[in-house]
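Q: Quick one: the structure is below, questions incoming.
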Amino acid sequence: MLRTCTAKRAIFQVKAWRRWNSTNPQMAFPCVDRAQERSQLFQEAGFISRKPGMTKTRSTAKTTPSALRNEEPATAIKEPATPVESGPEPIYGKIVSGYKVFQYNKPFLCDHGGVLPRFDIAYESWGRLNADKSNAILLHTGLSASSHAHSHEANTQPGWWEKFIGPGKDLDTNKFFIICTNVIGSCYGSTGPASIDPSDNRHYATRFPTITVFDMVRAQTHLLDKLGIDKLYASVGSSLGGMQSLALGAIAPHRVGRIASISGAARSHPYSIALRFTQRQILMNDPHWNHGFYYNGVPPHVGMKLAREVATISYRSGPEWEQRFGMRRADPSADPALCPDFLIETYLDHAGEKFCTQYDPNSLLYISKAMDMFDMSASQQATLAYKRSQNMYKVDAQNFRLESSAAASKAKSKNDAGVERSSGAIEEDDLVEGMRPLRDIPTLVMGVRTDNLMPVNCQREAARCLRKAGNKHVHYHELDEQKSLFGHDTFLIYRNGCNLVGDKLKSFLEERF
Ligand SMILES: N[C@@H](CCO)C(=O)O
């Protein structure tokens, strides 16, 4: 009762403040009011969901205020119209159904020694698996994506690669069987921090183990086993997916026929780490983050919104925004405001608003950290292999035997190669050595010069190291400013009926080697 009264009083105060400042428009801060209002709505919803006899987890659609369901709150102050229509945007939705779930019911050892007692992987597929199961393509996702890459009967909403997949398309479903998973650590049906820990029926939250990109693909190999796919036709991905497609080639080269790594990297760039670190800091310093234990209360939606605004700056490019927004203001006749005012500001505000209640904040922390740590250098892989061998006792005896011998041989190969991680300067020989397992796998590496998040140097480095490792089939393409101003997100965007990433990918996949 007390909580309801407090919440109502706070909403009343916000409304009163708005009434007052309508006569003082220069003092209006609708972007701040809206955040406060959303906290109140969450608080009310939390109170409703904790009434006797109701679930203790986050409230259901029935009891959840509209703002929490990512709709416009009935009482929200209207911001200037968002100029998202002025340019192409990725299609990302909150996916809660329409996927299949693969259940791995054995303990899963993560690279850094944590153990998941079991895990789920949400996945979707398109096309038909042929009789000898040789036409499967595993499509790896970027950070925020779900398994819903394309529409189908169980979910007719357009997917995030809707135009890339289909009969005759870039990923041609007349030829290939396409599988897309939601990675472990995420929140769209696969096991992640928001999942329930079976040992105590509480959300994992930050008790979830640290995961690596190698863990993500290792988990996917168990799905491939279940589907009876010994060897993929191709491992394809962009961004984080471009890291995964390479990582799979490193841990299971015998299972991959071709690799496509688009706007990815063989190891993270310090600039990318800086951008993701900043996002995590913003999120973790939202008092509602509560060390990750927010699932029964108000989530850190303000931190999420601001983190997404920073992320969006890294996903697109200045030259795109010059053309798209310039110095235009949402309402040129209005006095300058501290809340969104320039079109670019309303755009970022919209990106943050859309994402902040759609994606689990802890998933952002875990997955972005996994990206930061990604490094295919031989010394780093050997370090992880050694860690695995030390922790193998935590999982069952069968896994112990299988994996400890693999880990031991990797740890040994580190000594054979005589490679150690350099203390400061970036050591390329170490990366070449780490990419040696991919030397016989035809690989497409693509980069975009306007990419601010994973600079094109990352893709140049990956291609160069693959070649130095002896790979004779490295196909490298770089899109210059004339071809794409969409920066890192280029791979998500179709314009004028085409996407240059898709064209190149199609030729690579369909070429005979
Ligand atoms: N916009 C993409 C870029 C990173 O893949 C995302 O949010 O996942």
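All of the numbers you see were taken from the coordinates with simple rules; none came from a lab. Fair warning: this is a prediction, and the values are worked out from it, not measured in the lab. Don't worry about glycine lacking a Cβ; one is built from the backbone with ideal geometry, like all the others, and counts go over all protein chains shown.
Q: Relative contact order (percent) for the range 123-205, with alpha-carbon contacts under 8 angstrom and 6 or more residues of separation? Working shown, then result.
A: Values: 135 pairs, mean separation 26.1, N = 83.
It rounds to 31 percent for the range 123-205.
Q: Next question. Stretch Asn130-Gln103 to full length: gain in nm at 0.36 nm per residue minus the Cα-Cα span? Kindly include the intermediate steps, with their values, before the conclusion.
A: Details: separation 27, 0.36 × 27 = 9.72 nm, distance 2.36 nm.
Length gained, Asn130 through Gln103: 7.4 nm.
Q: Multiply the residue gap between Asn296 and Ile196 by 0.36 nm, knock off their C-alpha separation, and tell me the result in nm, one decimal place.
A: Between Asn296 and Ile196, full extension yields an extra 34.7 nm.
Q: Taking the Cα centroid of the range 175-189 and of the range 101-124, what is the distance between the two, rounded to the nearest whole Å?
A: That distance is 14 Å.
Q: Counting other beta carbons within 10 Å of each Cβ, put Val448, Val101 in order, fewest first. Before the final figure, lay out the partial values.
A: On the way: Val448 29, Val101 13.
By the 10 Å Cβ count, ascending, the order reads Val101, Val448.
Q: Just to be sure I understand the model, the point goes 7 Å from the Cα along the line to the Cβ. What's the resulting Asn496 to Glu428 distance in nm?
A: The two pseudo-label positions are separated by 3.5 nm.
Q: At a 10 Å Cβ-Cβ cut-off, how would you order Ile121, Ile95, fewest neighbours first?
A: Working: Ile121 25, Ile95 22.
Ordered from fewest to most neighbouring Cβ atoms within 10 Å, Ile121, Ile95 come out as Ile95, Ile121.
Q: Return the tail of the calculated pair distribution for the range 226-277, meaning the percent of Cα-Cα pairs more than 19 Å apart. Provide the component values of the computation, followed by the final result.
A: Numbers: 431 of 1326 pairs.
Within the range 226-277, distances greater than 19 Å cover 33 percent of Cα pairs.
Q: Residue farthest toward the positive end of the dipole of the range 211-315, with Cβ of Lys/Arg at +1 and Asp/Glu at -1: which of Tyr295, Ile313, Val236?
A: The Cα lying farthest towards the positive end belongs to Val236.
Q: Turning to a different aspect of this structure: I'd like the FRET efficiency for Lys231 and Arg512, computed as 1/(1 + (r/R0)^6) with the beta carbon distance as r and R0 of 22 Å, rounded to 0.05. Each step should come with its number before you reach the end.
A: Numbers: r = 17 Å, r/R0 = 0.78.
Between Lys231 and Arg512 the formula returns 0.80.
Q: Please work out the FRET efficiency for the pair Glu322 and Tyr393, using the Cβ-Cβ distance as r and a Förster radius of 56 Å; give the result to the nearest 0.05. Can you show the working numbers first?
A: Details: r = 57 Å, r/R0 = 1.02.
The pair Glu322/Tyr393 has a calculated efficiency of 0.45.
Q: Using 0.36 nm per residue, how much length does the chain from Lys472 to Arg460 gain when fully extended, once their Cα-Cα distance is taken away?
A: Details: separation 12, 0.36 × 12 = 4.32 nm, distance 1.56 nm.
That works out to 2.8 nm of additional length.
Q: Same structure again: I need Met327, Met243, Met446, Met373 ordered by Cβ neighbour count within 10 Å, fewest first. Could you put the intermediate results ahead of the total?
A: Numbers: Met327 8, Met243 32, Met446 26, Met373 18.
By the 10 Å Cβ count, ascending: Met327, Met373, Met446, Met243.
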